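Have a look at the structure below before the remarks.
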């Protein structure tokens with residue numbers, strides 16, 4: 001367990017240190033600094049874009065989506081700030097946990113933050129997928145029953161659930177443990193002592209995998225309904241650009257989460273259910289892949305926007321000299337979307353797209 005830590009911390013104490021060990025230590029610090037800087041910049045930029053869109057939008061369904069998206073970006077930003085600062089502190093102390101953390105207070109905070117800021121984006125991504133699935137497949141129910149305060153309560157429940165899972169090791173007297181690389185803290189997955197040491201990491205991994213599975217199912221269903229609605233109604237639908245933009249962002253978030261978090265969640269599940277030795281290098285690789293999820297998430301909202309995609313189509317049109325029919329459709333979509341956002345909106349934007357009758361357009365004839 002202390003092989004990496006003792007070899008890397010001896011760069012200054014040994015008379016003839018190995019250049020390879022010192023280079024690896026400097027490379028790890030540099031990579032952590034770059035990851036933290038890029039993550040903070042990306043999430044700050046995405047948060048500015050989302051808040052600007054949230055303040056100007058009037059469509060109820062899109063407002064709910066932007067609420068969850070902004071919360072996801074804020075969570076990723078705080079995760080980079082807190083976890084990144086803890087990582088830099090550990091490296092600056094040369095990973096000597098017994099010196100700067102004799103009572104395991106920092107390790108407990110570090111492990112709890114890793115779990116909380118790991119589960120929260122997965123839960124938020126699945127909640128966004130469920131919300132869009134209901135908004136597309138059941139637009140009347142979404143517009144009449146699911147109010148904004150329901151979405152805010154759901155957001156609070158998501159954060160509370162992630163915090164509860166993160167606090168379970170402390171409440172059950174199973175504190176977080178310094179891992180083999182000595183650069184981060186997590187559950188006790190090496191040589192578990194009893195069933196609690198198996199249950200806690202297994203609960204974390206299964207909840208994460210369940211959130212990914214729920215996102216896959218809901219996004220697939222939503223995409224199929226939108227494709228069916230597009231093929232059924234050849235005329236232009238006002239809300240279709242909004243739906244397409246949101247489902248593209250959700251599919252990108254789902255893909256990024258599966259690639260970044262899938263290896264870690266599966267790795268933790270295998271270690272929890274089997275008596276196998278942990279590979280420190282592979283565990284460190286999976287946790288670094290998971291941190292890239294917080295860097296790539298904001299770029300989904302930065303790049304997958306109608307304005308950016310329209311500029312890409314224009315650039316390709318001017319460079320290649322090709323005639324893109326998609327560009328004309330996108331311009332019409334932008335025009336209809338601007339008209340929709342300037343008018344009062346509610347259920348009709350979702351209902352008309354799917355061939356359903358809005359609530360307030362139903363004429364009730366009195367019986368005389």
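The values are calculated or read from the model by the stated rules, or taken from the named source; none is laboratory data. Keep in mind that what you see is a predicted model, and the values were worked out from it rather than measured. Virtual Cβ from ideal backbone geometry, glycine too; neighbours counted across all protein chains shown.
Here are the numbers:
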quantity	calculated
Some residue of segment 128-151 being within 24 Å of residue 286 (Cβ to Cβ) and out of contact with any strand residue (DSSP E or B) (no Cβ under 9 Å at 6 or more places or on another chain)	yes
Residue match in segment 273-284 (condition: crowded, with 19+ Cβ neighbours inside 10 Å and either modelled with pLDDT of 70 or more or under 18 Å from residue 129 (Cβ atoms) (or both))	yes
Some residue of segment 177-190 being farther than 19 Å from residue 286 by Cβ and surrounded by fewer than 19 Cβ atoms within 10 Å (Cβ to Cβ)	no
Answer from 135, 118 - the residue that is in contact (Cβ under 8 Å) with a residue 12 or more places away in the chain and more than 29 Å from residue 226 (Cβ to Cβ)	118
Test result for residue 124, buried (at least 24 other Cβ atoms within 10 Å of the Cβ) and either on the phi > 0 side of the Ramachandran plot or assigned to a helix (DSSP H, G or I) (or both)	yes
Check on residue 205, surrounded by 22 or more Cβ atoms within 10 Å (Cβ to Cβ), modelled with pLDDT of 85 or more and under 14 Å from the mean Cα position of the chain (by Cα)	no
